[in-house]
Amino acid sequence: MLIVKGAQIWKDRGLKRLDFSVEGGKLSGFSPSLLPGPHDEVLNLSGHYVYPGLIDPHTHVGLLEEETGNFAGDDVNETTSPATPGVRAIDGINPMDAGIRNARNYGVTTVCVMPGSANVIGGEGVVIKTAGKSVDGMVVSSARKIVKMAFGRNITWTWSKKEKYPSTRLAVGAVLREKLNAAKNYMANPERVCTYEMEVLANLLKKEAIARIHVANLEDIETIARIAREFDFDYVLDHATALHTNVEFAKTLKVPVILGPLNVAGKSFQSYDVTFASVKILLEAGLLVSVMSDAPVIPLNLVRLQLFLVDRYRLDRSDILDLFTENPAKTLGIEKQTGSLGIGKDADFIVLDGDIFDYRSRIRSTYINGNAVGGEDYEMDS
Amino acid sequence: MKWILKNAILHPVTAEAFRGSLLIDKGKIAQINPPERKGTQTFDANGHHLFPGIVEEHCHIGTHGEKTNQTADQDTNEWSEPITPEMQALDGIKIFDFGFRMALANGITTLNIFPGSGSPITGVGVALKNDPSLRFEERILIKESGLKMAFGENPKSVHSKTSKTIQTRMATAALIRKAFQDALNYEKKKDKEYNRRMEILLKVLKGELTAHVHVHRADDIQTIIRIADEFGFKIHLEHATEAHLIPKIIVERQIPVAVGPMFTAKYKIEVNNRSLQTPAILERAGVKDLSLITDHPVIPIWNLPIEASMAVHYGLSEDLALRAITINPAKNLGLDHRIGSLEVGKDADMILLDRELLDPTHRVLYVWTNGNLSYDTEKEGMVL
């Protein structure tokens with residue numbers, strides 16, 4: 001058993017002076033003072049701060065690899081067909097990608113990796129921890145199944161360039177309806193021949209899987225809501241760039257949103273409405289809000305920067321931390337396993353030498369499943 | 001108009017911070033800690049932090065349209081030929097581009113706007129006061145603020161496709177040498193017709209205009225030093241991603257270095273060695289002439305002070321971090337007599353913050369340019 005002593009730890013929405021123990025990769029006890037037994041390992045973290053590992057619910061790390069030159073290790077969009085529900089992110093993830101190394105060294109312990117946004121149905125996403133040499137060993141198995149979808153300009157731009165269907169928003173909706181209808185017919189057919197593509201969409205209609213939908217503009221969000229009503233499936237709005245411009249509409253949706261990437265300019269993210277203010281507006285509207293990096297769009301070593309920038313809106317700091325921990329955990333369905341510090345949860349935590357909102361404080365080490373796997377100084381050494 | 005800004009924590013950048021007041025007269029800082037005067041309009045800073053307006057040495061605001069994806073709105077790179085010193089960023093700037101407001105709301109009061117990096121020699125930059133109350137021509141601080149040049153992957157990838165004049169780094173260097181040799185030959189010629197392309201290059205050769213060189217790799221840095229030595233002109237390094245691998249060369253030659261943008265993915269091979277520690281390593285080696293840049297829109301301009309914060313996080317001194325976004329870029333542009341610090345006689349470009357500038361959670365409360373209130377965040381909102 002590992003006994004961690006002396007630190008201020010972030011638990012139940014506040015910093016508390018508690019010791020804690022780790023057994024078999026899980027958090028096993030919290031107390032103002034834990035006494036180690038003769039066989040216990042002791043880690044003294046006096047003067048340090050412990051927070052839950054950060055979670056990024058929308059990335060392409062491992063698929064869109066850094067340090068390869070023009071993303072030579074690019075496996076993010078299978079643009080040979082506009083609907084590819086049968087492809088799986090896990091089959092393209094390189095666990096050695098610098099983007100994943102960045103994640104663990106800078107405090108991100110869990111990421112969701114998904115195919116890109118060039119297809120109406122992009123394929124299956126996967127939730128992984130950010131340390132390991134085999135992706136199968138990194139999978140967070142409690143996560144809900146994910147079907148990545150996309151609406152809007154990325155699709156029409158990709159396919160109109162090829163002079164192929166779907167070249168307009170009208171056709172994007174049509175492709176999705178056509179595929180979901182096919183899945184309905186497939187499920188109703190007692191003599192069906194099993195296909196992986198149809199099984200993936202059947203999972204969605206049985207609500208075993210959730211749709212993760214890349215969307216920016218309000219008109220596309222309306223279309224998604226319309227199609228979701230028609231076919232009755234659960235979904236999350238990813239990016240949702242313009243949603244804060246119509247708060248009354250947002251309140252009617254009652255779906256989780258994952259905002260970002262927010263630290264961008266220029267040809268903004270297909271919508272001109274990208275702003276950190278959207279976090280405040282949608283939190284106040286009562287939505288479950290998380291923040292994504294869309295890494296490598298914003299590299300994962302800069303997740304803390306987003307936290308500082310959200311803080312400029314002077315929200316409750318517990319609410320800000322939730323954006324990067326508990327809220328994405330809930331959205332991914334892994335809140336019982338990770339995303340906060342509690343008995344029975346994975347020992348995924350980060351050790352800082354100061355408050356996480358103090359820009360001078362450094363991430364001294366990152367723990368995943370109770371093992372020290374990284375930290376800012378690891379990056380210095382590499 | 002005379003007015004007094006009182007009860008602020010003043011951060012002159014060129015001196016230690018202190019609590020005090022300023023007298024502003026005719027758009028300039030006229031006096032520090034002036035005596036109380038009856039009848040003079042007074043602004044109470046309520047103990048908040050006053051810094052000089054931030055200076056961005058390298059961005060593409062106005063030439064690279066904000067809130068648009070249209071090539072129709074992009075005027076940063078003239079890719080038709082590899083050598084285009086006669087281009088002026090000034091001629092491509094969209095005056096009402098949203099980027100200017102984004103910069104102002106975040107306290108950036110001086111902008112140096114360069115052409116892009118798609119060619120070995122892309123054109124001349126312009127330095128502007130980001131003061132929306134002035135007509136565009138009045139905002140110009142320096143009409144020709146430097147000649148932009150570029151090495152490495154960008155000119156290679158562009159001109160292997162467009163003009164088909166470059167396949168290798170060798171051709172980039174050869175084209176630059178040829179351009180400067182042409183300029184020398186032009187100068188010797190009698191009865192010549194005026195050639196603006198040659199005249200701009202001659203200004204560089206005569207030291208009237210500095211070459212600002214987009215460069216990432218250490219070997220590219222050494223190539224431009226070699227060429228600059230051959231022709232005897234002054235250079236500033238822009239980006240200088242691998243400068244921390246050859247700090248001695250930079251220090252020995254006292255070349256000004258503009259580091260950034262620090263917050264992008266490693267999407268090009270030539271940026272693989274980028275490190276958030278670069279500013280700190282350069283400082284430890286003895287580099288004093290360091291500035292930081294965002295290259296907006298590559299990263300949004302509000303990141304400029306945050307780059308300074310992160311450089312401090314990785315070991316840069318707070319003093320140099322603040323200088324790197326104020327007085328140092330001002331000096332590099334030849335504007336340190338007017339901007340970059342809170343000193344008597346300088347333009348009253350000032351920003352009032354609720355926390356210190358290097359704390360990335362600060363809010364900009366007010367921005368003044370030339371002594372006039374240019375941005376009031378409470379009324380107009382944050383742009384972030």
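Taking the charge dipole of segment B:193-242 about its Cα centre, with +1 at Lys and Arg Cβ atoms and -1 at Asp and Glu Cβ atoms, the residue from B:195, B:232, B:212 reaching farthest to the positive side is B:195. Of the peptides B:18-26, A:30-38, the order by per-residue mean of other Cβ atoms within 10 Å, starting with the highest, comes out as B:18-26, A:30-38.
The protection proxy used here, the mean number of other Cβ atoms lying within 10 Å of each residue, ranks peptides A:288-298, B:315-325, B:106-116 as follows, highest first: B:106-116, A:288-298, B:315-325. Between amide H atoms placed 1.01 Å from N, distances below 5 Å from residue A:209 occur with A:204, all of them 5 or more places distant or on a separate chain.
Taking every full run of DSSP H in chain A, the ones that stretch at least 15 Å from end to end by Cα along their long axis and average -0.5 or higher on the Kyte-Doolittle scale are A:169-188, A:218-231. Dipole magnitude for segment A:280-353: about 100 debye, using +1 per Lys or Arg Cβ and -1 per Asp or Glu Cβ, origin at the Cα centre. Inter-chain neighbour count for B:294-303: the average number of beta-carbon atoms from partner chains within 10 Å of each residue's beta-carbon is 4. The mean sequence distance of close C-alpha pairs (under 8 Å, at least 6 residues apart), as a share of the length of segment A:55-339, puts its relative contact order at 19 percent. Annotation: amide H of residue B:291 within the under-5 Å range of B:257, B:258, B:259, sequence separation 5 or more or interchain, hydrogens built in the peptide plane. What FRET efficiency would be calculated for the residue pair residue B:373, residue A:40, taking the C-beta separation as r and a Förster radius of 60 Å, to the nearest 0.05? FRET efficiency, residue B:373 to residue A:40: 0.45. Exposure proxy shown here: for B:229, A:238, the number of other Cβ atoms within 10 Å sets the order, fewest to most, as B:229, A:238.
By DSSP, the beta bridges lying fully in segment B:1-103 are antiparallel in about 65 percent of cases. Take each residue in B:270-280, count the other chain C-beta atoms within 10 Å of its C-beta, and the mean is 2.
Shielding of peptide B:360-368 by partners, expressed as the average count of other chain Cβ atoms within 10 Å per residue Cβ, is 3.
Between residue A:189 and residue A:162, the C-beta separation translates, for a Förster distance of 25 Å, into a calculated FRET efficiency of about 0.20.
Partners of residue B:2 within straight-line reach, counting aspartates and glutamates whose Cα lies under 17 Å from its Cα and excluding those fewer than 8 residues away in the same chain: B:25, B:36, B:44, B:343, B:347, B:349.
Ranking of B:343, B:242, A:230 by neighbouring Cβ atoms within 10 Å, starting from the fewest: A:230, B:343, B:242.
Along the axis of the charge dipole computed for segment B:53-341 (Cβ charges of +1 for Lys and Arg, -1 for Asp and Glu, origin at the Cα centre), the listed residues B:314, B:257, B:341 are led at the positive end by B:257.
Ordering B:159, B:125, B:149 by Cα displacement along the dipole of segment B:94-169 toward the positive end leaves B:159 in first place; charges were set at the Cβ atoms of Lys, Arg (+1) and Asp, Glu (-1).
Kirkwood analysis of the protein assembly as shown, using all unique Cα-Cα pairs, places the hydrodynamic radius at 27.8 Å. For segment B:206-213, backbone phi angles converted through the Karplus equation (6.51, -1.76, 1.60; θ = phi - 60°) give residue-by-residue couplings of 8, x, 7, 9, 8, 7, 9, 10 Hz, Gly and Pro being listed as x. Evaluating 6.51 cos²θ - 1.76 cosθ + 1.60 at θ = phi - 60° for every residue in segment B:22-29, the Karplus couplings come out as 10, 9, 10, 9, 6, x, 10, 6 Hz, glycine and proline recorded as x.
Extents of chain A, taken as max minus min of Cα coordinates on every principal axis and listed largest first, are 66, 47, 42 Å.
Dipole size in debye (nearest 20) for the protein assembly as shown around its Cα centre, Lys and Arg Cβ +1, Asp and Glu Cβ -1?
On the way: 88 positive and 97 negative charges, 142 e Å.
For the protein assembly as shown, the charge dipole is close to 680 debye.
Contact order for chain B, expressed relative to its length and based on alpha carbon pairs under 8 Å spaced 6+ residues apart, stands at 20 percent. A simple spin-label model places pseudo-atoms 7 Å from Cα toward Cβ; at residue A:232 and residue A:15 they are separated by 5.0 nm.
Where in segment B:127-171 is the amide nitrogen less than 15 Å from a point lying 7 Å along the Cα-to-Cβ axis of residue B:249? So the set is B:151-152, B:170.
What is the gain in length, in nm to one decimal, between residue A:144 and residue A:94 on full extension, counting 0.36 nm per residue of separation less the C-alpha to C-alpha distance?
Going from the current span to full extension adds 15.8 nm.
Each residue of segment B:138-144 was assigned a 3J(HN,Hα) from its phi angle through the Karplus curve 6.51 cos²θ - 1.76 cosθ + 1.60 (θ = phi - 60°); the sequence is 6, 6, 5, 8, 9, 6, 10 Hz, with glycine and proline shown as x. Taking amide H as placed 1.01 Å from N in the peptide plane, residue B:141 has its amide H under 5 Å from the amide H of B:127, B:128, B:129, each at least 5 places away in sequence or on another chain.
Protection proxy ranking for A:81-91, A:131-141, using the average of other Cβ atoms within 10 Å per residue and placing the highest first: A:81-91, A:131-141. Highest GNM mean-square fluctuation among A:260, A:173, A:286, for chain A modelled with Cα contacts below 10 Å: A:286.
Under 20 Å of direct C-alpha separation, and excluding same-chain neighbours fewer than eight residues apart, residue A:206 reaches these aspartates and glutamates: A:124, A:178, A:191, A:197, A:230, A:232, A:234.
FYI, it's all coordinate maths here, none of it is from the lab. Nothing here was measured: the structure is a model prediction, and the numbers come from that model. Neighbour counts are summed over all protein chains in view; Cβ atoms, including those assigned to glycine, are modelled from backbone coordinates with ideal geometry.
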